[in-house]
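The structure under discussion appears below in the form of structure tokens.
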Amino acid sequence: MKKKWYDYLWIYEIVYFSLGFFNILFAWLGMIDFLLPLCLAVFGGNKWFCNRLCGRGQLYTKLGSQMKCSRNKSTPKWMYSTWFRYGFLLFFLAMFGNMVFQTYLVGAGARSLREAIKLFWTFRIPWGWTYTAGTVPDWVAQYSFGFYSLMLTSLLLGFVVMGLYKPRTWCTFCPMGTMTQGICKLRAGKDKEE
Amino acid sequence: MKSKRFASADKKVCVACGSCVLVCPKQAITVVKGCYANVDKDLCVGCGRCAGICPAGCISVKERGAGDEKEVV
Ligand code: SF4
Ligand code: SF4
Ligand code: SF4
């Protein structure tokens, strides 16, 4: 099959995460990975994002399949079971909500900006060199740190399951994947009724 | 002549990630409305690549049944 421009989006993924090591404000770019799949699902009723555009999925394929960094063993059943997928989605949304709340607190002046990222919702890592205080309103910076934490945590989780199981095992419980498929199913169900 | 085997995906388990679509040499798979993968039996050559990559392990390669063999003239 001839390569299309979007087959190279895995490069964008690497660029995105690299930028976060230099200037945390680039984390906002990740909102594209958040909003685009949802828009495509809500308005288009498809998973075109997961199927073709997701640089993260492509990166897992590159490393897992082509560079053989995956054991390529079957994913454990519970990992792609409905309860785990939706449970993880809820957990992720809760963590996302918490992150937005922290941003709000900083914006309201109830908390000061913390120049750190949090990995796996547990380990706080100082990340101050990526931001010069005062460049943007504190809440904008806080959101960057928070959002980048979520993105990096999920990327790393994805690498772990890629290594252990199939290259794209992450995709079975990726919150974006679950959410977009859920939306598509709702839409398809409605189409049938009409 | 059609192949002896063909792949089929379990709609209920499929997460619609599209990994299988990308590895299929015959472009026999489509993700239907973002819900699940569907294999076009007529195009499928039963190579099993899709089953190998599927992270949800929901593709199985089956022997073409009696009903199908009638189609192969
Ligand atoms: S499931 Fe997640 S990681 Fe996988 S292709 Fe979709 S958005 Fe990307
Ligand atoms: S068995 Fe081979 S030809 Fe058939 S759908 Fe899977 S990858 Fe395509
Ligand atoms: S690889 Fe498996 S889970 Fe993903 S779309 Fe194909 S059949 Fe569904």
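None of the figures in this text is laboratory data; all of them are computed from the coordinates on show. Remember, it's a predicted structure, so these values are computed and weren't measured experimentally. Using ideal geometry, Cβ is built from the backbone for each residue, glycine included, and neighbour counts are taken over all protein chains shown.
A few points about this structure:
- Per-residue average of Cβ from other chains inside 10 Å of A:175-187: 3
- Sequence-distant contacts, meaning Cα pairs under 8 Å at least 6 residues apart, place the relative contact order of segment A:17-95 at 11 percent.
- For the protein assembly as shown, the dipole from Cβ point charges (+1 on Lys and Arg, -1 on Asp and Glu) about the Cα centre works out to 800 debye, to the nearest 20.
- Inter-label distance for A:Phe34 and A:Phe22, nm, one decimal - labels placed 7 Å from Cα along Cα-to-Cβ: 2.3
- 22 Å Cα cut-off, lysine pairs counted over chain B (separation 8 or more, or different chains): 21
- Contour excess over end-to-end distance, with Cα ends at A:Met67 and A:Trp5 and 0.36 nm allotted per residue: 20.2 nm
- Cβ neighbours within 10 Å from other chains - mean over A:46-52: 6
- The packing ranking of peptides B:3-9, A:162-168, B:28-34, A:62-68, highest mean first, is A:162-168, B:28-34, B:3-9, A:62-68, where packing means the average number of other beta carbon atoms within 10 angstrom of each residue.
- Pair A:Ala188, B:Thr30: separation of 7 Å Cα→Cβ label points (nm): 1.2
- Each part reduced to its alpha carbon centroid, segment A:69-91 and segment A:97-117 end up 31 Å apart.
- Sequentially through segment A:153-166, phi angles give Karplus couplings (6.51, -1.76, 1.60; θ = phi - 60°) of 4, 5, 4, 5, 4, x, 5, 4, 6, 5, x, 6, 10, 7 Hz, Gly and Pro residues having no value and appearing as x.
- When shorter helices are ignored and each DSSP H run of at least 4 residues is given -39500 (n - 2.57), the per-residue value for the protein assembly as shown at 222 nm works out to -13500 deg cm²/dmol.
- Over segment B:5-63, the alpha carbon radius of gyration divided by the compact-protein estimate 2.2 N^0.38 Å works out to 0.94.
- Left without a cysteine partner by the 4.7 Å Cβ rule in chain A: A:Cys39, A:Cys50, A:Cys54, A:Cys69, A:Cys174, A:Cys184.
- Cα centroid separation, segment B:1-54 to segment A:124-155: 41 Å.
- Between A:Leu164 and B:Lys62, the modelled labels are 3.2 nm apart [label points 7 Å from Cα along Cα→Cβ].
- Modelled FRET efficiency - R0 45 Å, B:Val45 with A:Arg111, Cβ distances, 0.05 increments: 0.15
- Taking B:Cys44, B:Cys20 and counting other C-beta atoms within 10 Å, the order from fewest to most: B:Cys44, B:Cys20
- Unmatched cysteines, chain B - criterion: no other Cβ of a Cys under 4.7 angstrom: B:Cys14, B:Cys24, B:Cys35, B:Cys44, B:Cys47, B:Cys54, B:Cys58
- Per residue of peptide B:4-15, the mean number of Cβ atoms on other chains within 10 Å of the residue Cβ is 2.
- Note on the protein assembly as shown: Cα-only Rg and Dmax are 20.7, 77 Å.
- One decimal place: the segment A:Ala133-A:Ala94 gains 11.2 nm when fully extended, by the rule 0.36 nm per residue minus the C-alpha distance.
- Think of chain A as having a plus end and a minus end, set by charges on the Cβ of Lys, Arg, Asp and Glu; of A:Gly20, A:Gly158, A:Phe101, A:Gly158 sits farthest toward the positive end of this dipole.
- Under the criterion of Cα pairs below 8 Å and six or more residues apart, the relative contact order for chain A equals 34 percent.
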